[in-house]
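Visitor: Take a look at this one; I'll ask things after.
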Amino acid sequence: MTDVTETEIHGRPQTPASDGCLSVRNLTTVFTTRRGTVAAVTDVSFDLRAGETLGIVGESGSGKSVTAMSALGLIPQPPGKVVSGEIWVDGKNLLALDRRSLRAASGSDVAMIFQDPMTSLNPVHRIGAQIAEGILTHQRRPSKADREAARRRAVELLAAVGVPAPERRAQQYPHELSGGMRQRVMIAMAMSCDPKVLIADEPTTALDATIQAQIMRLLREVQQRTNVGIMLITHDIGLVAQNVDRVLVMYAGRVVEMGTVEEVLENPKHPYTVGLLRCTPSRLPSDSVRRRLTPIPGLPPNPTDLPPGCSFAPRCGLRGDRELCLLEQPELRPAPTDDHRSACHFLEEVTP
Amino acid sequence: MFHSTQQDVMDPAEPVGEELLRIEGLKIHFPLGRRRHGQYAETVYAVDGVDFALHKGQTVSLVGESGCGKSTVARSLVGLVRPTAGSIRYKGMDLRTASRSQMRMLRREVQIVFQDPFASVNPRMRVRDIIEEPLRVQGLPRDRYVAEELLEMVGLQPVYANRFPHEFSGGQMQRIGIARALALKPRVLVLDEPISALDVSIQAQIINLLMDLQDELGLAYLLIAHDVAVVRAVSHRVLVMYLGRIVEAGPEVLSDPGHPYTQALLSAIPSAEVGSRGSRKEIILEGDVPSPTDPPSGCRFRTRCWKAADVCAEEEPGLLDRTGHGALNACHFPAHE
Ligand SMILES: Nc1ncnc2c1ncn2[C@@H]1O[C@H](COP(=O)(O)OP(=O)(O)OP(=O)(O)O)[C@@H](O)[C@H]1O
Ligand code: SF4
Ligand SMILES: [Mg+2]
């Protein structure tokens, strides 16, 4: 663990953390579009440990999903390209694997659930058959007995994620299920190969509050049972506060702050994090006095045309008229411990 | 009877402005499938008996889960859906019996802002034409700089009038959507999830803009939003809907809920305070919302309610001031009784 921190400081980390079930090192992913090159993710490094939940927050377009898709080898190429970096899972650097081995590894070691389960469910196949098929893809030539076993396992998995009457549900089509039930099915499919890492990209954003609470409870239960490491991508600070162990805050493709959830939310050390927390209305006292909110002024930068220096500089209230922010890209550095880092030139001056 | 209750629960600190819209016994049902033997296979009871009023300078918010009928109520106020029963009165005029010129006034003075600011505009139109379109449609004169003035009012630069939608971010487009809704000098704005598609940092900008405009112009808002914290921060009065009905209404129901559904809804919203982790009492409702084609008898919430008793299946609980605290509650067993 210590050697990782050291190599990170020197900018050329080589080895993953030994206790990390997922280690991302210096990941940089770009997209080539008509409007120019989009720096979607730049120099992102982090570890996710077994049994831990890591939250990734940030505005739309800040690179949360691209980070996740890169870890799964799912970046469409072209227009996308993972320019550099390493993604270590279970002793393998996924980015050094050929396509075939990557598919295999990313299916069984890293699984993902999305905001809209319909995009990953086949509308014309029964739920049970789809889960069984997922189980069988990792077997060369499944026998009849294997198929029968996979079908039974599918029903068990449905039961394990709290789908009522799993035998009957297995026979249904995706459109016959509610949004919450579909997300349960997705979790069952994702967990069918005992992954080490589960990436959940806005898993509850499309769901109603009471159903979101059910799904988050289910993810906690699944984690307790399997010790899977969960990467929870969300824009909901409340979900982060209640569910994650550590947080990455992303802005314009970079990690601007990382640390334990207590440190980052209660003692933020980057002006963007401070702004994000201030404009989160659920942090207002819950009396019923009407009040103005505290927005972050301005707009997020255009990803094809990032300002030099700190990307947050045009919206930052701390900068004043200091030139350094416009000239030099701030690096992540201890704030003040290795466990809590911020990429602000003046992080010592940041107050919550 | 309803009139007096409605007045009673208004926050006494805020003087109640002129009443602009009054909705009584509103029902909106959608028949599904083919008609056979004079009957439809199924009916969606989207809105099933809703009463409320909007006052000048005040925000009434509708909260509840998807499919509970919030948007249908909103759309009925601007004539996008027809009520099956009940009345909508604007400044005392009943929509069912209004004359043509009264209807035109109503269509001008009650405007709607939608969730997706890009979906409701033509991408090939310049911002100027987008903003002026309602004036054109109504056949009203257009002052030379009307678009510029409206853009300034919503915090955008007047020169944007000559640009096209794709040049703007979601937050900027939502400001343009608001400018367009203001073109006809409305008295009432129906805001249907106006910030749900935006980033939090931008949501706060739009909410503040809406509050400023309300103070400046004395607008009445009907706000539909699922972010309970936003609703709590901006509303004078909140209506909680479940399956086509209002289950609880009052100025403080989101701080001090008395209906089990409101309690569950609030409990389901994760607190942004790390400190509260594990210490909050969590109510996690089981199951899904029942289908609005076949709502449960009696109290519609009873199938998911932990307090449900026999009476809940037999008797529909009315929306009444049950505790003397001023809030209206449609539960046989309200909290703090
Ligand atoms: N297929 C693609 N082609 C071109 N650009 C892309 C593509 N996918 C992502 N990008 C760009 O990469 C950047 C990061 O996008 P990403 O989807 O990771 O953001 P995000 O943080 O997940 O946002 P959201 O909160 O909206 O989901 C954005 O500028 C985005 O426009
Ligand atoms: S580096 Fe400068 S501009 Fe960037 S966040 Fe820190 S103070 Fe603000
Ligand atoms: Mg995303």
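The values are calculated or read from the model by the stated rules, or taken from the named source; none is laboratory data. Keep in mind it's a predicted model, so treat the numbers as computed, not measured. Every residue, glycine among them, receives a Cβ derived from its backbone with ideal geometry; neighbour counts consider all protein chains shown. The accessibility values were calculated without ligands, DNA or RNA, using every heavy atom of the protein model including side chains. Shrake-Rupley method; radii C 1.70, N 1.55, O 1.52, S 1.80 Å.
Visitor: Which pairs turn up if I take residues in the stretch A:55-66 that are hydroxyl-bearing (S, T, Y) and look for partners that are within 16 Å of ligand 2 (Cβ to nearest atom) and open to solvent by 20 Å² or more (accessible area, probe 1.4 Å) with beta carbon separation below 6 Å, at least 6 apart in sequence or on another chain?
Guide: Between residues of the stretch A:55-66 that are hydroxyl-bearing (S, T, Y) and residues that are within 16 Å of ligand 2 (Cβ to nearest atom) and open to solvent by 20 Å² or more (accessible area, probe 1.4 Å), there is no close pair.
Visitor: Let me ask you something else. Filter the stretch A:299-330 down to residues that are surrounded by fewer than 14 Cβ atoms within 10 Å (Cβ to Cβ), in a loop (DSSP other than H, G, I, E, B) and away from ligand 1 (no atom under 16 Å from the Cβ), then give me how many there are.
Guide: Number satisfying all stated conditions: 7.
Visitor: Next question. Tell me yes or no: at least one residue of the stretch A:159-176 is open to solvent by less than 40 Å² (accessible area, probe 1.4 Å), assigned to a loop (DSSP other than H, G, I, E, B) and within 23 Å of B:V63 (Cβ to Cβ).
Guide: So far as the stretch A:159-176 goes, no, none of its residues is open to solvent by less than 40 Å² (accessible area, probe 1.4 Å), assigned to a loop (DSSP other than H, G, I, E, B) and within 23 Å of B:V63 (Cβ to Cβ).
Visitor: Okay, next question. Being surrounded by 18 or more Cβ atoms within 10 Å (Cβ to Cβ) and in contact (Cβ under 8 Å) with a residue 60 or more places away in the chain narrows it down to one of A:I187, A:I215, A:I211, so name that one.
Guide: A:I187
Visitor: Consider A:G128 carefully, then state whether it is in a helix (DSSP H, G or I) and either touching a Ser or Thr at 6+ places or on another chain (Cβ under 8 Å) or acidic (D, E) (or both).
Guide: no
Visitor: What residue, of B:G177, B:G139, is farther than 21 Å from B:L222 by Cβ and small (G, A, S)? Give the derivation first.
Guide: On the way: B:G177 fails: farther than 21 Å from B:L222 by Cβ.
Checking each option against the conditions leaves just B:G139.
Visitor: Still on this structure: Could you list, in sequence order, all residues of the stretch B:184-204 that are assigned to a helix (DSSP H, G or I) and touching a residue at least 24 places away in the same chain (Cβ under 8 Å)? Walk me through it before giving the result.
Guide: The first filter runs over the stretch B:184-204 and keeps only residues assigned to a helix (DSSP H, G or I), leaving B:200-204.
Passing the criteria: B:I202, B:Q203.
Visitor: Which of the following residues is under 23 Å from the mean Cα position of the chain (by Cα), at pLDDT 95 or above and on the phi < 0 side of the Ramachandran plot: A:R254, A:R278?
Guide: Every option except A:R254 fails the conditions.
Visitor: Does A:R35 satisfy being charged (D, E, K, R) and open to solvent by 60 Å² or more (accessible area, probe 1.4 Å)?
Guide: Working: charged (D, E, K, R): yes; open to solvent by 60 Å² or more (accessible area, probe 1.4 Å): yes.
Considered against the rule, which asks whether it is charged (D, E, K, R) and open to solvent by 60 Å² or more (accessible area, probe 1.4 Å), A:R35 comes out as yes.
Visitor: Additional query: Of all residues in the stretch A:29-76, how many are within 16 Å of ligand 3 (Cβ to nearest atom), of a type in the set (A, V, I, L, M) and within 12 Å of the chain's Cα centre (by Cα)?
Guide: Here the count works out to 8.
Visitor: Also, quick follow-up: Considering each residue of the stretch A:218-242, count those that are open to solvent by less than 20 Å² (accessible area, probe 1.4 Å), away from ligand 1 (no atom under 12 Å from the Cβ) and within 14 Å of another protein chain (Cβ to nearest Cβ), and give that number.
Guide: Residues meeting the conditions: 8.
Visitor: Out of A:A40, A:A68, which single residue is near ligand 1 (Cβ under 10 Å from one of its atoms), in a strand (DSSP E or B) and among the small types (G, A, S)?
Guide: On the way: A:A68 fails: in a strand (DSSP E or B).
Of A:A40, A:A68, the one residue that is near ligand 1 (Cβ under 10 Å from one of its atoms), in a strand (DSSP E or B) and among the small types (G, A, S) is A:A40.
Visitor: Only one of (1) within 12 Å of chain A (Cβ to nearest Cβ); (2) under 14 Å from B:V113 (Cα atoms) is not met by B:D192, so which one is it?
Guide: (1)
Visitor: Take the residues in the stretch B:11-47 that are in a loop (DSSP other than H, G, I, E, B) and in contact with a strand residue (DSSP E or B) (Cβ under 7 Å, 6 or more places away or on another chain), then tell me which one is modelled with the highest pLDDT.
Guide: Selected residue: B:E18.
Visitor: Right, another one. Applying the selection to the stretch B:59-86, what residues are open to solvent by less than 10 Å² (accessible area, probe 1.4 Å) and polar (S, T, N, Q)?
Guide: Listed by number, the residues that qualify are B:T59, B:S61, B:S76.
Visitor: List pairs: first in the stretch A:140-164 and farther than 28 Å from A:S101 by Cβ, second modelled with pLDDT of 90 or more and open to solvent by 40 Å² or more (accessible area, probe 1.4 Å), Cβ under 6 Å, 6+ apart or cross-chain?
Guide: Note: pairs meeting the criteria are A:V155/A:E167; A:L158/A:R169; A:V163/A:R169.
Visitor: Another question, then. Spot the failing condition for A:L232; the list is (1) under 21 Å from A:S65 (Cα atoms); (2) part of a loop (DSSP other than H, G, I, E, B), and only one is missed.
Guide: (2)
Visitor: Determine, yes or no, whether B:L135 is closer than 17 Å to B:I206 by Cβ, touching a helix residue (DSSP H, G or I) at 6+ places or on another chain (Cβ under 8 Å) and modelled with pLDDT of 90 or more.
Guide: no
Visitor: Which pairs do you get when a residue that is part of a strand (DSSP E or B), found in the stretch B:62-90, comes within reach of a residue that is among the charged types (D, E, K, R) and crowded, with 18+ Cβ neighbours inside 10 Å, reach meaning Cβ atoms under 7 angstrom, with the pair 6+ apart or on two chains?
Guide: B:L62/B:K70; B:R89/B:R22
Visitor: Sticking with this one: In the stretch B:257-273, what count of residues is obtained for those that are facing another protein chain (nearest Cβ under 8 Å) and over 21 Å from B:D288 (Cα atoms)?
Guide: Result for the stretch B:257-273: 3.
Visitor: Give me the helices (runs of 4 or more DSSP H) completely within the stretch B:205-322, filtered to those with at least 1 residues that are open to solvent by less than 50 Å² (accessible area, probe 1.4 Å) and at pLDDT below 90, ordered by residue number.
Guide: Answer list for the stretch B:205-322: B:228-234, B:260-268.
Visitor: How many residues does the stretch B:158-168 contain that are at pLDDT below 90, open to solvent by 40 Å² or more (accessible area, probe 1.4 Å) and assigned to a loop (DSSP other than H, G, I, E, B)?
Guide: So the count comes out to 0.
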